[in-house]
Amino acid sequence: MGDRIRKKRWMDWIMIFAGTCLVSLGIKCIYDPISLITGGFTGIAIIVKEITGDTVNGGIPLWLTNLILNVPVFLIALKVKGKRFIGRTAVATFLLSAWLYVLPEIDLVAGDYTLAAVFGGVLTGVGMGMILLAKATTGGTDMVAALLQHKLRHYSIAQIMQVLDGIIVVFGLYLFGVQPALYAIVSIFIISKLSDALLEGFKFSKAAFIITSEYERVADTIMKELNRGVTGLDARGMYSGQEKCMLYCVVSKKEMVEVKEIVLDIDQNAFVIVTDAREVLGEGFQEYSDQSE
């Protein structure tokens, strides 16, 4: 168990390191050169850099604004989330600012707003998802979102970030115009979807609810031929008033085809409901990650 925990810890730090690199690359080499404000404290930093361009040579650097804005948020997070959360987030915030400092100012998309919205969204979304998977944030609005999610548990961190980033985009609209703001909204959408996908898992399975009078034969065949567990649930038809046994099983997408064939072969009058099952944990599927870290 000790080796597993150490391996998980090292993987978290690697994801934080790589994730902050991807986020910084998207910000400095894609968003900043064309003033695409996608939200976050880095989005505010781009606005500040533009506003201070006439008074400070080149404007206030992105990395400096990012660090200054994070101080009060860190103090609040220390009280709400504790030292462990702050520790990882402090490292992630420092790495983000460090990457922003060392990465060269290169326009990777040559002023193409469409490419910037899509490619920047992919880089930032994947990077943000990796950081959140490592139980950290890069400070800024993602930390604010994590703090708000502590109270608004029915919303995901990515969803709250989407709202906060949208507010910052509105401010960017007045400074840089409508077109960049519209492309920024597209990029924010991509970021939120990708980070959500990473957090919830890309491995989709299928769940089937099966109502059949031959439930014993169906269950036995699925367990023997597919080596998958089946659960029998007591149910009652509200129209007929009859007591029934409804089968429930979770299988891979490929195996769902076989499940339907098994049901069809045994009982052509069976009623089958197939739904998506996201992030299935347990024997035969994805292993549980250590929740104590």
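The values are calculated or read from the model by the stated rules, or taken from the named source; none is laboratory data. Values in this document were obtained by computation on a predicted structure and should not be read as measured data. In this analysis, Cβ positions are derived from the backbone assuming ideal geometry, glycine residues included, and neighbour counts consider all displayed protein chains. Just the protein is used for accessible areas: all its heavy atoms, side chains included, with ligands, DNA and RNA removed. Shrake-Rupley method; radii C 1.70, N 1.55, O 1.52, S 1.80 Å.
Here are some notes:
- Scanning the stretch 102-146 for residues being open to solvent by 30 Å² or more (accessible area, probe 1.4 Å) and on the phi > 0 side of the Ramachandran plot gives a total of 3.
- A Cβ distance below 7 Å, combined with a sequence gap of six or more or placement on separate chains, defines the contacts here; from the stretch 194-221, residues that are surrounded by 19 or more Cβ atoms within 10 Å (Cβ to Cβ) and assigned to a loop (DSSP other than H, G, I, E, B) reach no residue that is aromatic (Phe, Trp, Tyr) and at pLDDT 90 or above.
- Within the stretch 172-194, at least one residue is of a type outside the set (Phe, Trp, Tyr) and closer than 16 Å to residue 15 by Cβ.
- Residue within the stretch 147-169 that is of a type in the set (Asp, Glu), touching a strand residue (DSSP E or B) at 6+ places or on another chain (Cβ under 8 Å) and either open to solvent by 20 Å² or more (accessible area, probe 1.4 Å) or modelled with pLDDT under 85 (or both) present: no
- Qualifying residue in the stretch 5-16 (condition: surrounded by fewer than 17 Cβ atoms within 10 Å (Cβ to Cβ), out of contact with any helix residue (DSSP H, G or I) (no Cβ under 6 Å at 6 or more places or on another chain), among the charged types (D, E, K, R) and not in a helix (DSSP H, G or I)): no
- Any chance residue 79 is basic (Lys, Arg) and open to solvent by 40 Å² or more (accessible area, probe 1.4 Å): yes
- So residue 119, is it modelled with pLDDT under 85, aromatic (Phe, Trp, Tyr), in a helix (DSSP H, G or I) and more than 18 Å from residue 14 (Cβ to Cβ): no
- Count of the stretch 63-120 residues which are out of contact with any helix residue (DSSP H, G or I) (no Cβ under 9 Å at 6 or more places or on another chain) and of a type in the set (D, E, K, R): 3
- Listed conditions (1) open to solvent by 80 Å² or more (accessible area, probe 1.4 Å); (2) at pLDDT below 85; (3) of a type outside the set (Phe, Trp, Tyr) are all met by residue 179, apart from (2).
- Matching residues, the stretch 127-146, being in a helix (DSSP H, G or I) and either β-branched (Val, Ile, Thr) or without any contact (Cβ under 8 Å) to a residue 40 or more places away in the chain (or both): 131, 141, 144, 145
- Leading residue by the ranking (modelled with the lowest pLDDT) among those in the stretch 35-45 that are buried (at least 21 other Cβ atoms within 10 Å of the Cβ) and more than 21 Å from the chain's Cα centre (by Cα): 36
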